Amino acid sequence: STAGGKVWLSVLFIFRILLLGTAVESAWGDERSAFRCNTQQPGCENVCYDKSFPISHVRFWVLQIIFVSVPTLLYLAHVFYVMRKEEKLNKKEEELKVAQTDGVNVEMHLKQIEIKKFKYGIEEHGKVKMRGGLLRTYIISILFKSVFEVAFLLIQWYIYGFSLSAVYTCKRDPCPHQVDCFLSRPTEKTIFIIFMLVVSLVSLALNIIELFYVFFKGVKDRVKGKSDPYHATTGPLSPSKDCGSPKYAYFNGCSSPTAPLSPMSPPGYKLVTGDRNNSSCRNYNKQASEQNWANYSAEQNRMGQAGSTISNSHAQPFDFPDDNQNSKKLAAGHE
């Protein structure tokens, strides 16, 4: 949580839960028993009390605290989920490092674990940083807390207002006529109502400030280049390919940035490439290299250009096994 979130939690526990459980509840303890109306008609006081106070202030504030606390509890549940993931990833990483000491190649798996840790916001020292899904959950929790605060303030204003009167006028069946009802300690209760109103407004202001803080901090991190360093990895990890010179059209799984295969290549010309799953385009399969050389020699014989070379713009790159082998095959091609 940010500094604003910690202050919000302090306000929640000290100025809401603690105060509500001590002073406020005692002030409303005799709310119903001290409510009196100037009539002896049976049931009149009950219906007038129900009209004046559809729900007790104390119970209303308890509901408010529950609703504004639920988004924070959901965010904490997400944090515990990430911490559990961290434990599993650390355990798996230790197992892979043990296997690595035995000569097993686990670099790819270790890299995947690093990416998952970054995705979950897990730092090297074990601290969980708000990033990705965790950051989104935090922002959503702030939005819901703000909405609940505003909603309960509006409901309280609609039902009670923000002050209590000493006398309530009631005209409702079974009251025989308009009666006056009297509330106990209205001034004390009004002070507590104003205090709880101020606490709600402070909590709402903290939520708004925290929301802007998280937003601008995220923008600042992106500007400084602190976003995901693995953003270029958009799919499963795959071996990199060095395509060499960009002028070649296609060889060993690499695509040309300039042009497709040469249209001057004659029919029947068979270009056999190496294994596309090799870690580099420079590592040719031996059999593919021999076939490429045989095709090259046969083409030279057909065109009667044994002593010439193919233009660089149409040439296919070949990797020759060694100089002695190349000389023997070239002689065979001339014969």
When the stretch 202-222 is examined, which residues are found to be free of Cβ contacts under 8 Å to residues at least 12 places away in the same chain and under 20 Å from Ile155 (Cβ atoms)? Ala205
If I filter the stretch 52-67 for residues that are farther than 19 Å from Glu188 by Cβ, among the hydroxyl-bearing types (Ser, Thr, Tyr) and in the same structural domain as Arg185 (by TED's automatic domain parsing), do I get at least one hit? no
Mind checking whether some residue in the stretch 67-74 is surrounded by fewer than 12 Cβ atoms within 10 Å (Cβ to Cβ) and modelled with pLDDT under 85? no
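Results for (1) in the same structural domain as Ser52 (by TED's automatic domain parsing); (2) at pLDDT 90 or above; (3) surrounded by fewer than 13 Cβ atoms within 10 Å (Cβ to Cβ); (4) within 30 Å of Asn46 (Cβ to Cβ), shown as yes or no for each residue.
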{"site": "Gln156", "(1), (2), (3), (4)": "yes, yes, no, yes"}
{"site": "Ser184", "(1), (2), (3), (4)": "yes, no, no, yes"}
{"site": "Val219", "(1), (2), (3), (4)": "yes, no, yes, no"}
{"site": "His231", "(1), (2), (3), (4)": "no, no, yes, no"}
Which of the residues spanning the stretch 161-173 are farther than 17 Å from Arg36 by Cβ and touching a residue at least 12 places away in the same chain (Cβ under 8 Å)? Phe162, Ser163, Asp173
Only one of (1) assigned to a helix (DSSP H, G or I); (2) at pLDDT below 80; (3) of a type in the set (D, E, K, R) is not met by Arg131, so which one is it? (1)
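The values are calculated or read from the model by the stated rules, or taken from the named source; none is laboratory data. All values reported here derive from a predicted model rather than from experimental measurement. Quick reminder, even Gly has a Cβ in these numbers, built from the backbone with ideal geometry, and neighbours come from all protein chains shown.
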